[in-house]
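This report concerns only the one structure given below.
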Amino acid sequence: MARSGYTLPVFACASAIAALKALQGQGDLQTIELDLLEPQEIVTIAIEQSALLSAHRSLAITLSDPGDNLDLTRHTPIWAMVELLEDHSNSTQEQITILGGQGIGIVNGEPAIYSYARRLLITNLSALLQPEQKLEVTIILPEGKKLAKRTSNEAFGVLDGLSLLGTTGISRPLVASEQLDHYLDQLAQKQTSTLVFCIGENGYALASGMGIDPQYLVKCANWLGPLLVAAGQQGREHILLFGYHGKLIKLASGIFHTHHFLADGRLEVLTAHGAIAGLSRQRLKEIFNSPTAEDVLAKLKVFSLEDHRDWVTMIYSSIVESIEKKTVDYIAKHAECKLAIGVLLFDRQSRTIYQSERAQRLLVHFKVF
């Protein structure tokens, strides 16, 4: 049976609790207890280290454990530095101030520490403070900036690190059948023959921001394959695949579960379509050896300026054509029906890289233009 773990906000909160307890004379704790709030459950979290930095400041560290979930943050350290503030002259200051340190992403100029994480920290820490005490908490993810390069965070406005995101403290295994069932139930409730498949909450939010009515939107996470087949079996007619190019490129190689732990192939796809478009052998080698799809896109823009040829459009139009064909074939094979597929790819700045002709027609249908 798959083992559940906990989300990053839980470990950030556990580190903060341990650091505060160190200030209160309870150093060298090996575990702490905290209330998850969502669900209402008291859990025990292991503490790796804690230390006093001064009479009013301390630091504690936990290691992320998402259970059997396929999560790139597994075993990453989460630090919390807490400081008891001596100056109480500012009576309007909140009792607990939460800051983002190194490795915490920035979104719209603010640390990417979302409502559940803030509520978790404030509820658990305030229970340990006297009413007159004020606390400043800084969450640090030393590996956050490096790990963020392996995510699509920047495509959704989260820069220079990871976010403390989520609405629950429990990290459910990605492969759990009940998660797929949830997405299938959402799909079954849609009443339209034309749909937009969005990968994740952020893709959904971006599509909504473009003006697409939510009645057309379907959240897919990484479960594109099963959801596409289900759409075919339900008699849908048109689907717009709407997503970050670093995810949807995988479909061009026949990969229909897009989680990075299961399969990749992005650089191979970009290299192959670069060869089809006519890039030189040296440039193909540069593409193949690039660290990310976003780096390849940047290189293609440079090549386009140097050669006065639009390599981006040439290569991505070829990739999109392949995505559409592979998707139609995949649905036909598994659902014995044929759907019309459009594709829109965007970059980390949420700018459209390329959209197929069918995607443009569907956007008109959605009254985006």
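If only one of 270, 297, 279, 345 is open to solvent by less than 20 Å² (accessible area, probe 1.4 Å) and touching a His at 6+ places or on another chain (Cβ under 6 Å), which one is it?
345
Residues of the range 290-331 being in a helix (DSSP H, G or I), free of Cβ contacts under 8 Å to residues at least 24 places away in the same chain and over 16 Å from residue 272 (Cβ atoms), which ones?
Within the range 290-331, 295, 298, 301, 302, 304, 305, 306, 307, 328, 329 meet the criteria.
Any idea how many residues of the range 51-70 are open to solvent by 30 Å² or more (accessible area, probe 1.4 Å) and either free of Cβ contacts under 8 Å to residues at least 60 places away in the same chain or out of contact with any helix residue (DSSP H, G or I) (no Cβ under 9 Å at 6 or more places or on another chain) (or both)?
11
Could you check the range 119-130 and list, in sequence order, the residues that are open to solvent by 70 Å² or more (accessible area, probe 1.4 Å) and either closer than 12 Å to residue 37 by Cα or under 16 Å from the mean Cα position of the chain (by Cα) (or both)?
119, 122
Can you spot a residue in the range 183-200 that is at pLDDT below 80 and at negative phi?
yes
Given (1) β-branched (Val, Ile, Thr); (2) assigned to a helix (DSSP H, G or I); (3) within 24 Å of the chain's Cα centre (by Cα), identify the lone condition not met by residue 353.
Going through (1) β-branched (Val, Ile, Thr); (2) assigned to a helix (DSSP H, G or I); (3) within 24 Å of the chain's Cα centre (by Cα) one by one, residue 353 breaks only (2).
Which ones in the range 225-260 are among the hydroxyl-bearing types (Ser, Thr, Tyr) and within 14 Å of the chain's Cα centre (by Cα)?
244, 258
Which of the residues spanning the range 196-224 are open to solvent by less than 10 Å² (accessible area, probe 1.4 Å) and either under 17 Å from the mean Cα position of the chain (by Cα) or closer than 22 Å to residue 317 by Cα (or both)?
196, 197, 198, 203, 207, 218, 220, 224
How do the pairs read when you match residues in the range 349-368 that are modelled with pLDDT of 90 or more with residues anywhere that are surrounded by 15 or more Cβ atoms within 10 Å (Cβ to Cβ) and polar (S, T, N, Q), using Cβ under 6 Å and keeping only pairs 6 or more apart or on different chains?
Going by the 6 Å Cβ cut-off, the qualifying pairs are 354/317.
Would you pick out the residues in the range 28-47 that are open to solvent by 40 Å² or more (accessible area, probe 1.4 Å), within 15 Å of residue 80 (Cβ to Cβ) and over 26 Å from the mean Cα position of the chain (by Cα)?
Passing the criteria: only 29.
Kindly indicate whether residue 127 is hydrophobic (A, V, I, L, M, F, W, C) and without any contact (Cβ under 8 Å) to a residue 12 or more places away in the chain.
Against the criterion (hydrophobic (A, V, I, L, M, F, W, C) and without any contact (Cβ under 8 Å) to a residue 12 or more places away in the chain), residue 127 qualifies.
Name, by its number, the condition in (1) closer than 18 Å to residue 343 by Cβ; (2) in a helix (DSSP H, G or I); (3) not acidic (Asp, Glu) that does not hold for residue 284.
It is condition (1) that residue 284 fails.
Quick check, is residue 207 touching a strand residue (DSSP E or B) at 6+ places or on another chain (Cβ under 7 Å), more than 28 Å from residue 158 (Cβ to Cβ) and either touching a residue at least 60 places away in the same chain (Cβ under 8 Å) or assigned to a helix (DSSP H, G or I) (or both)?
No.
Is one or more of the residues making up the range 325-333 over 24 Å from the mean Cα position of the chain (by Cα), hydroxyl-bearing (Ser, Thr, Tyr) and within 30 Å of residue 238 (Cα to Cα)?
Yes; the residues of the range 325-333 include at least one that is over 24 Å from the mean Cα position of the chain (by Cα), hydroxyl-bearing (Ser, Thr, Tyr) and within 30 Å of residue 238 (Cα to Cα).
With surrounded by fewer than 22 Cβ atoms within 10 Å (Cβ to Cβ) and under 24 Å from residue 316 (Cα atoms) as the only criterion, which of 238, 245 stands out?
Only one candidate qualifies: 238.
Quick check on residue 283: is it touching a Gly at 6+ places or on another chain (Cβ under 9 Å), over 25 Å from residue 224 (Cβ atoms) and not hydrophobic (A, V, I, L, M, F, W, C)?
yes
Residues of the range 53-87 being under 18 Å from residue 128 (Cα atoms), at pLDDT 95 or above and out of contact with any His (no Cβ under 7 Å at 6 or more places or on another chain), which ones?
Listed by number, the residues that qualify are 56, 57, 58, 59, 60, 80, 81, 82.
The values are calculated or read from the model by the stated rules, or taken from the named source; none is laboratory data. The structure presented is a predicted model; accordingly, all values stated were derived computationally and were not measured. For neighbour counting, all protein chains shown are included, and Cβ atoms are generated from backbone atoms with ideal geometry for every residue, glycine included. These area figures cover heavy atoms from the full protein model, side chains too; ligands, DNA and RNA do not enter into them. Shrake-Rupley method; radii C 1.70, N 1.55, O 1.52, S 1.80 Å.
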